[in-house]
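Input: a single structure, listed below in structure tokens.
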Amino acid sequence: MLNKIGFINKISPHVFWDVEINQIDYEKNAVFIIQRVVQYGLLKDWQLIKSVFGIENLKTYVVQIPQLDDVSLSFLSNSLEIEKSHFKCYKKKQLNPNYWNY
């Protein structure tokens, strides 16, 4: 198990380009960290957060992510074996269909 306090400094710097990385609390901001890594990170970043948070915790956190693009949603759904319908972002997207995107 990695040091949970210092792991965030090992994530690729472009993932958190717009926030002060030293101000991020890994426990309070877990959903934010995971969302950023999934959307902007590299495979090594994904492996890092899997080792820090663990698969079961990741499953709990990812379904809470409020917004994900379709590729990231599919990646999480397949890699963690969670139905897309369990994701908050999927439910939200179903409530607001985009009629121009077929």
**OP:** Send over the per residue convex hull volume for the chain, Cα only, as a whole number of Å³.
**Re:** 112 Å³
**OP:** Quick one: dipole size for the stretch 7-95, taken about the Cα centre, charges +1 on Lys/Arg Cβ and -1 on Asp/Glu Cβ, in debye to the nearest 20.
**Re:** 180 debye
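No value in this document is a laboratory result; all are computed from the given coordinates. No experiment lies behind these values; they were computed from the predicted model shown. So basically every Cβ, Gly included, is an ideal-geometry build from the backbone, and we count neighbours across all protein chains shown.
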